[in-house]
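The values are calculated or read from the model by the stated rules, or taken from the named source; none is laboratory data. For clarity, every value in this text was computed on a predicted model and none was experimentally measured. Because the Cβ atoms are built from the backbone with ideal geometry, glycine has one as well, and the counts that use them run over all protein chains shown.
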Amino acid sequence: MTASLGRIWAVALNAFREAVRNRVLYGVVALVLIFNLMAVVVGALSITEQARVARDLGLAGTSIGGGLTAIVIGVSLLYTEVQKRTIYAIISKPLARWEFVVGKYLGMALVLTVLVGLFTLAMVAMLSYRGVAVAGAVGQAVVLTWCEVLVVAAIAVFFSSFSSPFLSGLFALALWLIGRLTPDLRAAVATSEAGWIDAVSSATLAVVPDLHLFSVSGRAVDGHHVSVNGDFVGWGYVSTAAVHGALWIAGLLVLASLIFRRRDFV
Amino acid sequence: MAVIAVTELVKTYVTPFRRRRVPALRGVSFAVEPGEVFGFLGPNGAGKTTTIRCLVGLCAITAGRAEILGAPVPSRAARQRLGFLPEHPYFYDYLTVGELLDLGGRLFGLDRSERRRRADRLIERVGLGRGRALPLKKYSKGMLQRAGLAMALINDPELIILDEPMSGLDPVGRKEIRDLILEQRDAGKTVFFSSHILSDVESLCDRVAICVGGQIRDIGKPRDLVDATTLDVEVTLALADDAPAEAVAAIAARGASSRRTPGELHLVVAAGGDVDDLLALARGHGARVLAVTPRHETLEDLFLRRVAAAGGGAGAEVMG
């Protein structure tokens, strides 16, 4: 078990190193920082709800920046290894393919965690500059955003195990968006009179992770209003959502590993 | 116990979408004994690389069996004791050679001090000491090949598998690889390598296998495989350019073929031809004998004969 963890860590460390040396990543960081600067400006334009606008924009920047980074890195994570043939020198070592998949994912998760941390720091700096209090709800929102980013990353890795980066990117982006719309799909199931809408919505709900759970502002979750500006959900909810996310991540990585195990590298 | 034991190995690739079946190996069997340098020969698409990919776990075996040091293939136990250099090695180009070897050492479960010790020794051994601070993207083809060799040796393997290790290298690079292979053999390691460069194979290998069309056609020691009888004799004579044409014609008539170059006459005498008679005649016309070279069958002759007999030899050309 310890040996297995050592191998996974070796792959993760390498994936982290790869991402850190990728200049695209610095572009994403710059974009999110710009987003936060915009939040300062846009927040100032709002007379009555400066705090809400500033928080929402800051969190949106973290969520969008993190999610897009997860997709950009994730879709090429396994595919590029095969295309560039770098995998030959690695898989021929005493490394199980699932260890490779999990290691690559963990390396990416580490990068995303650092990024979400950086985005959060930028947001806190922006909020402090605006004189907006950084409530505990913001922390809960950040944790939920982080969970969502990690699930999106697992979706991207899953598609990367058998598809090209372009298609994987499309699929992952589609699933991210659909996952955000689960309340609308549930509403469609509840209210639709057309059988096919009911069937399609139900099927989609079954195979798409409920990313709306991690959505943090201005929405209703299980009948409760969820907002970082008012009565936010408690840590119990955050924990439940995190477990939900972890199960999806585990499931997606198992599927990616099974697909990857069957592949011939030619 | 054989270091590599391959029995009736079959590999069939299935193309995506159309599900077309492309046979690459059609029942390959051979064994490599401890301490041997074993050459695996074959034209493009013969199945050499596919065999190697099956052995190192990059491709699944369709049928048959393979074992490395008694461990079934594929298995972690088999890969634990082998070092592998892929054809045209591609590595993470953002790493330095030290970082690459550290990654390799981690995958074999070596501790930090051991990783560092082995990496330092191997980097010096393969002559990359001056390039160790550079990322691999700045390396030349030869330097990458040497980095790959160091990566293949990081676990001090009992078996080293090299896929076309001399491919694309200049004469100096080829000599370095040859020296390294011999050094490993002297250290008691078993080396299995594929190559197109028959002169290297002939000079390095204890035994060879010739694979054509996904099947082994010959296996054994190079000198046992080739025909020891004389094929023909090449004779080179020094003969003045103004020598009488009838004298030149008389001498040339004793050979199966002849070629005139400034100051010289080259003849090939068929096996069983009277070379002494030819030489006496030549001397009688004032020629000097420069060289008499009996020619035997070479590994290359055998190789080309096998390929021709198989109608080109490619099994799964695209797949290798």
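Any idea which residue in the stretch B:136-145 is farthest from the chain's Cα centre (by Cα), counting only those that are surrounded by 17 or more Cβ atoms within 10 Å (Cβ to Cβ) and outside any loop (DSSP other than H, G, I, E, B)?
First, pick out the residues of the stretch B:136-145 that are surrounded by 17 or more Cβ atoms within 10 Å (Cβ to Cβ): B:136, B:139, B:142-145.
Filter once more, keeping what is outside any loop (DSSP other than H, G, I, E, B): B:136, B:142-145.
Values: B:LEU136: 26, B:GLY142: 17, B:MET143: 20, B:LEU144: 19, B:GLN145: 15 Å.
So, considering only residues that are surrounded by 17 or more Cβ atoms within 10 Å (Cβ to Cβ) and outside any loop (DSSP other than H, G, I, E, B), the one farthest from the chain's Cα centre (by Cα) is B:LEU136.
In the stretch B:57-83, of all residues being touching a residue at least 60 places away in the same chain (Cβ under 8 Å), of a type in the set (A, V, I, L, M, F, W, C) and farther than 14 Å from B:LYS11 by Cα, the one that is nearest to the other protein chains (Cβ to nearest Cβ) corresponds to B:LEU82. Please find, within the stretch B:84-135, the residue that is farthest from the other protein chains (Cβ to nearest Cβ) out of those that are in a helix (DSSP H, G or I), in contact (Cβ under 8 Å) with a residue 24 or more places away in the chain and among the aliphatic types (A, V, I, L, M). In this case the residue turns out to be B:ILE123. Yes or no: A:VAL157 over 18 Å from A:TRP235 (Cβ atoms) and either in contact with a helix residue (DSSP H, G or I) (Cβ under 7 Å, 6 or more places away or on another chain) or in a helix (DSSP H, G or I) (or both)? Yes; evaluated as a whole, the condition is true for this residue.
A quick yes/no check of all residues on (1) touching a Phe, Trp or Tyr at 6+ places or on another chain (Cβ under 6 Å); (2) over 15 Å from A:PHE260 (Cα atoms); (3) buried (at least 23 other Cβ atoms within 10 Å of the Cβ):
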site	(1), (2), (3)
A:ARG55	no, yes, yes
A:LEU78	no, no, yes
A:GLN83	no, no, no
A:ILE90	no, no, no
A:LEU95	no, no, no
A:ALA125	no, yes, no
A:ARG130	no, yes, no
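Which is in contact with a Leu (Cβ under 7 Å, 6 or more places away or on another chain) and away from chain B (no Cβ under 14 Å), of A:THR120, A:THR145, A:THR113, A:THR62?
A:THR145
Those residues that are assigned to a loop (DSSP other than H, G, I, E, B) and in contact with a Ser or Thr (Cβ under 7 Å, 6 or more places away or on another chain), I need them from the stretch A:50-91; list them, please. A:LEU78, the sole residue that qualifies. Of all the numbered requirements in (1) closer than 30 Å to B:PRO86 by Cβ; (2) surrounded by 15 or more Cβ atoms within 10 Å (Cβ to Cβ); (3) hydrophobic (A, V, I, L, M, F, W, C), B:ALA308 misses one, and that requirement is (2). Scanning the stretch A:8-21 for residues that are at the interface with chain B (Cβ under 8 Å from one of its Cβ atoms) and either farther than 20 Å from B:LEU101 by Cβ or among the basic types (Lys, Arg) (or both) yields A:ARG17, A:ARG21.
Quick check, is A:MET108 surrounded by 22 or more Cβ atoms within 10 Å (Cβ to Cβ), modelled with pLDDT under 85 and in a helix (DSSP H, G or I)? Against the criterion (surrounded by 22 or more Cβ atoms within 10 Å (Cβ to Cβ), modelled with pLDDT under 85 and in a helix (DSSP H, G or I)), A:MET108 does not qualify.
Within this structure, A:ALA141 passes the test of being buried (at least 17 other Cβ atoms within 10 Å of the Cβ) and over 27 Å from A:GLU81 (Cβ atoms).
For every residue, the table says whether it meets (1) of a type outside the set (A, V, I, L, M, F, W, C); (2) at pLDDT 75 or above.
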{"site": "A:GLY136", "(1), (2)": "yes, no"}
{"site": "A:LEU144", "(1), (2)": "no, yes"}
{"site": "A:ALA154", "(1), (2)": "no, yes"}
{"site": "A:SER164", "(1), (2)": "yes, yes"}
{"site": "A:ALA174", "(1), (2)": "no, yes"}
{"site": "A:GLU193", "(1), (2)": "yes, no"}
{"site": "A:ILE197", "(1), (2)": "no, yes"}
{"site": "A:SER215", "(1), (2)": "yes, yes"}
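A:GLY107 meets all of the listed conditions (1) away from chain B (no Cβ under 14 Å); (2) over 17 Å from A:ALA241 (Cβ atoms); (3) of a type in the set (Gly, Ala, Ser) but one, namely (1). Only one entry of B:ASP242, B:ASP224 meets the criterion of being surrounded by fewer than 14 Cβ atoms within 10 Å (Cβ to Cβ), not in a helix (DSSP H, G or I) and not small (Gly, Ala, Ser), and that entry is B:ASP242. Only residues that are outside any helix (DSSP H, G or I) and in contact with a Lys or Arg (Cβ under 9 Å, 6 or more places away or on another chain) were counted in the stretch B:287-306, giving 2. Could we say that B:ALA133 is closer than 20 Å to A:VAL11 by Cβ and assigned by TED's automatic domain parsing to the domain that holds B:LEU85 here? When the stated conditions are applied, B:ALA133 does not pass them.
What are the residues in the stretch B:1-28 that are hydroxyl-bearing (Ser, Thr, Tyr) and part of a strand (DSSP E or B), if any? Give the derivation first.
Restricting attention to the stretch B:1-28, the residues satisfying the condition of being hydroxyl-bearing (Ser, Thr, Tyr) are B:7, B:12-13, B:15.
B:THR7, B:THR12, B:TYR13, listed by residue number.
Please determine, by comparing only the residues of the stretch A:72-104 that are small (Gly, Ala, Ser) and within 12 Å of another protein chain (Cβ to nearest Cβ), which one is nearest to the chain's Cα centre (by Cα). That would be A:GLY103.
What about A:GLY27, is it part of a helix (DSSP H, G or I), within 23 Å of the chain's Cα centre (by Cα), away from every other protein chain (no Cβ under 14 Å) and in contact (Cβ under 8 Å) with a residue 12 or more places away in the chain? Judged against the criteria, A:GLY27 is not a match.
Scanning for something assigned to a helix (DSSP H, G or I), closer than 30 Å to A:PHE265 by Cβ and among the aliphatic types (A, V, I, L, M), does the stretch A:181-201 turn up at least one residue?
Of the stretch A:181-201, the ones assigned to a helix (DSSP H, G or I) are A:182-191, A:195-201.
Then drop every residue that is not closer than 30 Å to A:PHE265 by Cβ, which leaves none.
There is no residue in the stretch A:181-201 that is assigned to a helix (DSSP H, G or I), closer than 30 Å to A:PHE265 by Cβ and among the aliphatic types (A, V, I, L, M).
Let's see how each residue does on (1) within 15 Å of B:ALA209 (Cα to Cα); (2) more than 21 Å from the chain's Cα centre (by Cα); (3) of a type outside the set (S, T, N, Q); (4) in a loop (DSSP other than H, G, I, E, B):
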{"position": "B:PHE30", "(1), (2), (3), (4)": "yes, no, yes, no"}
{"position": "B:PHE38", "(1), (2), (3), (4)": "yes, no, yes, no"}
{"position": "B:PRO43", "(1), (2), (3), (4)": "yes, no, yes, yes"}
{"position": "B:THR49", "(1), (2), (3), (4)": "yes, no, no, no"}
{"position": "B:ARG79", "(1), (2), (3), (4)": "no, yes, yes, no"}
